[in-house]
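See structure below.
The values are calculated or read from the model by the stated rules, or taken from the named source; none is laboratory data. From a predicted model like this one, the values you see are computed outputs, not experimental measurements. Virtual Cβ from ideal backbone geometry, glycine too; neighbours counted across all protein chains shown. Areas reflect the complete protein model, heavy atoms only, side chains present, ligands, DNA and RNA absent. Shrake-Rupley method; radii C 1.70, N 1.55, O 1.52, S 1.80 Å.
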Amino acid sequence: MLFDRVAVPVAVCDVYGKVLMANPAMAAECGTSPGRLRGCDVLELFRPEEAGQVARIAQALRLRHRSRYQISVSWSAPGGTERYGELTADPVSDSTDETPALLVMLRVLGESEPETVPGPEPVTPVEGAVLALLAQGATTGRAARELGLSRDGVAYHLRRLSARWHAANRTELVARAYALGVLAPGVWPPRVRDAGAE
């Protein structure tokens, strides 16, 4: 009864991390009821940020060390938000000879902003055409002939793009065009990606 009234998310797990019982606060972090958490692996519910931490703790528990262990974790909360925090595991048993159970407490530290995948960086049709020719290895002269521009006109567009994307040279400019989604990946000859195509 007292366990259920604790406001902090708490669970009791066996030494392998299987949940034996959980309070409503812990279940709420997982978007379920306490009974449904029984038998779940706590490290599948809460993803460790560093796999090595878990291995060290497992070894310490096998050697029956009785320390407090902390693991940085992240998890998907109800509503799809990503949260991060810290799991603290305290070995508990009636005697030092027994294999201990683990009293696991969750400390919520915050939420991660959902990652948004940006669309292609907007470029003008002329800038896109210059980038596509540049990705083919075209010289300034060839790009000027194919686009009906002067060499200075092509150089002007290259300078503007380089300044906007902080590109030090043409190779970096082409790399950024692919990284920013301007040029379609896996296509030869290179071409500007359609902004509406995903």
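Here are a few things to note about the model shown:
- Ranking of ASP14, ASP4 by solvent-accessible surface, largest first: ASP4, ASP14 (1.4 Å probe, protein heavy atoms only, all chains present).
- Inter-label distance for ALA179 and LEU103, nm, one decimal - labels placed 7 Å from Cα along Cα-to-Cβ: 4.9 nm
- Positive contributions from Lys and Arg (+1) and negative ones from Asp and Glu (-1), summed over other residues with Cβ under 12 Å from the Cβ of ARG159, come out at +1.
- For the range 133-195: rounded, prolate or oblate by the Cα gyration tensor [a/c cutoff 1.5]: oblate
- Sequence of ARG159, ARG176, ARG5 from largest to smallest accessible area, 1.4 Å probe: ARG5, ARG159, ARG176
- The listed residues THR140, THR124, once ranked by accessible area (1.4 Å probe) with the largest placed first, stand as THR124, THR140.
- Neighbourhood net charge (13 Å Cβ-Cβ; Lys/Arg +1, Asp/Glu -1) for THR139: +3
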